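These notes are about the structure you will find just below.
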Amino acid sequence: MTAELDQRCIDTMRFLAVDAVQKADSGHPGMPLGAMPMAYVLWDRFLKHSPHNPGWTDRDRFVLSAGHGSMLLYALLYMTGYDLSLDDIKQFRQWGSRTPGHPERGHTPGVEVTTGPLGQGLGNAVGFAIAEAQLAARYNRPGHVVIDHRTWVIASDGDLMEGVASEAASLAGHLKLGKLNVLYDDNYVTLAAGTDITFTEDRGARFAAYGWHVVHVDNGNDLDAIDAALRAARDETSRPSLILVRTHIGFGSPEQDSFKAHGSPLGEEDVRKTKQNLGWPVEPDFLVPDDALAHMRKAVERGVELERQWNDRFAQYAQANQALAAELERSLHSALPDGWDSDIPVFPADAKGMATREASSKVMNAIAPKLPALTGGSADLDPSTKTALKGLGDFNPPLQAGEDAQGSDGGGWSHAGRNIHFGVREHAMGAIANGMAAHFGCIPYTATFLIFSDYMRPPMRLAALSKLHVIHVFTHDSVALGEDGPTHQPIEQLAGLRAVPNLTVIRPADANETAVAWRVAIEHCDAPVTLVFTRQAVPTLDRSRMGAADGLRRGAYVLDDGDAAPAVILIASGSEVHLIVDAAHRLRETGLAVRCVSMPSWELFDAQPPEYRDSVLPPTVRARLAVEAGATQGWSKYVGDSGDVIGIDHFGASAPGDVNMQKFGFTVEEVCRRAQAVLSSATAAARR
Ligand SMILES: Cc1ncc(C[n+]2csc(CCOP(=O)(O)OP(=O)(O)O)c2C)c(N)n1
């Protein structure tokens, strides 16, 4: 291997990026020009992967957190022999191509996570590293190591500026995630300016303070220095590593070191000059020298050999540890173990009832011992969200005897623990959970108050976009949480979450609906599910006289019906369901035929065939009233033009929860009054 060939490989990929951006007339050439040498050294000498099997279990994970530099990744994937052709590269950013503007998980082989919103990828990477550490601690046995891979990241200034990365890095340092290595493309330039006007802190010192191992490379074109830094990072096993590599954005181009090189095609003239400056043939475009391709394609053979060795190791492991191996295999295929749900309780009818967060705790703790993949935690709210998996260990570096262990969920402090203490870091919690879900072997859950879903929106959206099986638990779901007041009382959050495509939101009415909601959340393995629970107790409905809680699976169902065809339909979710049941009783005493529909999930209901939806909400019954302690936006879809909604389109108040509910119209009297009114106006409209 000669230095010239190394350089040819790097320049081949640099100009694939430049030419693809130029052809698309859109994209980011600056980052690939500057960062390609470090990417090359990493992929050529360090990354453990198998291009012909991008899903190989024990591969290293590579995250391009600076997703705008997507052409850097596509060039690497093509050159190392993934299922991506030169034609795909030429189709960069075009309709239907496999090379979209930013890397998309599930779209391009070899892309581990969807990146582009800066900082998220770094958070995902911490999730990968947590998943690896947890699974290694759980499954590896002395002499039988089957989980042993690293997570590599290329991150940019924008990544390091974003708060989510700070949260995630702080946690990673605390957790001593020694197999996490971040290469920082330290080029002093962002989209709109030099970093001298925005970002002047000592980044190395900052990460050192987080507990990271910090390495500097002064010249991002010095392959030996990069090699030495990556070695140092790999050899450091007890701390994550940050490698600050001083690079030059748009290296070799007339606009080198200028923000102008960041995000626009260079233009024909500057493409030519850049090629000349770096000693590259001006013609043809998309030039791939045979020897460069042949050299980088050796990754395929290496990958096959790495896999073969791993398969041997796994076979020996499976012989020695049959049950563990079977469990691991199941996880690999995202299969649920037989009987995973057999301990989920059935809750007896009880007028006093229990908070759905409380029921959720019981259900989670019935599932978790049988479903090892279920792991997660809260952003410092376990006592409130009730999401601890009791006795299943705390994910943390092992504590020395005698150290303070308050906050423990029992079962010991180690990387095998299934309770992850995220600290007050909602944003990172969401991003980390996405990484864990994108790894294999984990069904991650997160937990906080519903109001703080606002702090998690970006990763929730990405989970939905990239079809990740993450379960979000949100408690304290309405003004009924009470005295904490309007800063803590969600209003528009439900409406906002329901607006996210591919995100299923479920707000169960009582303990038994909560149990079904958890079943759906676990089974719904190709998208995130958001579970919304109450702080306050709600009655456990008497299912011997009402529709079965299993109706939740269909999103909405007839909970309680009169003998006659309904004249009016009351619809509610969550804690307002018992209210409409009580109101219906009272209305029936006046001779009115009332139907109660429990509607815990719009998305599940919308997915039902029209016949089912019409059977629950018959089109002929136009007198409909929806009741939900949140913004009314969107309910008209179900109540129609003649219907009405009791909701809350203003902020809440600091007062006892039951007082709030009463003041804001959530009373049997108000429901009866509005139901009568809606019936009158629907009847009048029908006469017109
Ligand atoms: C959360 C988020 N905010 C804004 C952007 C738009 N954007 C894309 S790249 C970029 C900054 C680029 O600077 P840097 O991260 O240093 O990348 P480089 O210029 O080195 O390519 C911005 C603001 C984004 N992608 N994500």
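The values are calculated or read from the model by the stated rules, or taken from the named source; none is laboratory data. Every value quoted in this text rests on a predicted model; they were computed, and no experiment measured them. Backbone-built Cβ (ideal geometry, glycine too); neighbour counts: all protein chains shown. Areas reflect the complete protein model, heavy atoms only, side chains present, ligands, DNA and RNA absent. Shrake-Rupley method; radii C 1.70, N 1.55, O 1.52, S 1.80 Å.
Worth a mention:
- Calculated FRET value between Val304 and Arg272, using beta carbons and R₀ = 30 Å, to 0.05: 0.15
- Inter-site label distance for Asn140 and Asp649 at 7 Å from Cα along Cβ, in nm: 5.8
- Calculation over all alpha carbon pairs of the stretch 63-181 in 5 angstrom steps from 0 returns a P(r) of 2, 12, 19, 19, 16, 14, 10, 6, 2, 0, 0 percent.
- Over 27 Å between alpha carbons, listed pairs Lys90/Lys275; Lys176/Lys467; Lys179/Lys298; Lys48/Lys176; Lys23/Lys298; Lys176/Lys390: Lys176/Lys467; Lys23/Lys298
- Only protein heavy atoms count here; on that basis, with a 1.4 Å probe, Asp87 has an accessible area of about 100 Å².
- Relative to the globular-protein estimate of 2.2 N^0.38 Å, the Cα radius of gyration of the stretch 156-283 stands at 1.20.
- Estimated FRET transfer efficiency when R0 is 22 angstrom, pair Gln322-Lys370 (beta carbons, to 0.05): 0.75
- Tensor-based shape of the stretch 440-560 (alpha-carbon gyration tensor, a/c under 1.5 rounded, otherwise prolate or oblate): oblate
- Of the residues Val597, Gly250, Ala335, the one whose Cα sits farthest towards the positive end of the charge dipole of the chain is Val597 (charges of +1 on Lys and Arg Cβ, -1 on Asp and Glu Cβ, taken about the Cα centre).
- With loop membership from DSSP and a limit of 12 other Cβ atoms within 10 Å, the longest segment of the chain without GluC sites (Glu not before Pro) is 484-688.
- Dipole orientation for the stretch 141-272: of the candidates Val146, Ala169, Ser264, Val146 has the Cα lying most toward the positive pole (charges on Cβ; Lys, Arg +1; Asp, Glu -1).
- The stretch 353-499: Rg to Rh, with Rh as the Kirkwood radius over Cα pairs: 0.97
- Linear extension gain, Leu399 paired with His524, 0.36 nm per residue minus alpha-carbon span: 41.4 nm
- Segment Leu86-Ala548, length gained on full extension (0.36 nm per residue, minus Cα span): 160.7 nm
- In this structure the amide hydrogen of Val189, modeled in the peptide plane, comes within under 5 Å of the amide hydrogens of Thr195, none closer than 5 places in sequence on its chain.
- 10 Å-binned pair-distance histogram of the stretch 216-355 (Cα, whole percent): 8, 15, 22, 18, 15, 12, 7, 2, 0
- The Cα center of the stretch 1-56 and the Cα center of the stretch 330-368 differ in position by 48 Å.
- Taking the accessible area of the stretch 1-159, probe 1.4 Å, and keeping the other protein chains in place, the carbon and sulfur fraction comes to 47%.
- Applying Stokes-Einstein at 10 °C and 1.306 mPa s to the Kirkwood radius of the chain, computed over alpha-carbon pairs, gives a translational diffusion coefficient of 59 µm² s⁻¹.
- Loop-resident sites, the stretch 486-559, for trypsin sites (Lys or Arg not before Pro), counting at most 14 other Cβ within 10 Å (DSSP): Arg545
- Projecting the Cα positions of Ile197, Tyr82, Val126 onto the charge dipole of the stretch 53-204 (unit charges on Cβ atoms of Lys, Arg, Asp and Glu, taken about the Cα centre) puts Tyr82 furthest along the positive direction.
- The per residue volume of the convex hull around the alpha-carbon atoms of the stretch 586-625 is 81 Å³.
- Annotation: amide H-H contacts under 5 Å for Gln489 (H modelled 1.01 Å from N, sequence separation of 5 or more, or interchain): none.
- Listed residues Tyr455, Tyr78 arranged by accessible area, highest first, probe 1.4 Å: Tyr455, Tyr78
- Multiplying each eigenvalue of the alpha-carbon gyration tensor of the stretch 242-313 by 5 and taking the square root yields semi-axes of 35, 19, 9 Å, largest first, rounded to whole angstroms.
- Translational diffusion of the stretch 56-102, µm² s⁻¹ [Kirkwood Rh, Cα pairs; Stokes-Einstein; 25 °C; 0.890 mPa s]: 216
- Here the dipole of the chain is about 1280 debye; that uses its Cα centre as origin and unit charges on the Cβ of Lys and Arg (positive) and Asp and Glu (negative).
- Think of a 1.4 Å ball rolled over the protein heavy atoms: the chain then has 37 Å² of accessible area per residue.
- Dipole magnitude for the stretch 285-351: computed about the Cα centre from +1 point charges on Lys and Arg Cβ and -1 point charges on Asp and Glu Cβ, it is near 300 debye.
- The stretch 97-141 and the stretch 529-595 have Cα centres lying 42 Å from one another.
- Protection proxy ranking of 222-228, 500-506, by the mean of other Cβ atoms within 10 Å over each peptide's residues and highest first, is 500-506, 222-228.
- Multiplying the residue separation of Ala677 and Asp338 by 0.36 nm and removing their Cα-Cα distance gives an extension gain of 116.9 nm.
- Within the chain, DSSP assigns beta bridges of which about 15% are antiparallel (rounded to the nearest 5).
- The stretch 513-611: proportion of alpha-carbon pairs further apart than 16 angstrom, %: 58
- Approximate shape of the stretch 1-91 as ellipsoid semi-axes (Cα gyration tensor, √5λ), whole Å, largest first: 20, 16, 13
- Carbon plus sulfur fraction of accessible area for the stretch 333-488, probe 1.4 Å, in percent: 52
- Hull shadow area, averaged, the stretch 126-186 [alpha-carbon convex hull, nm²]: 4.3
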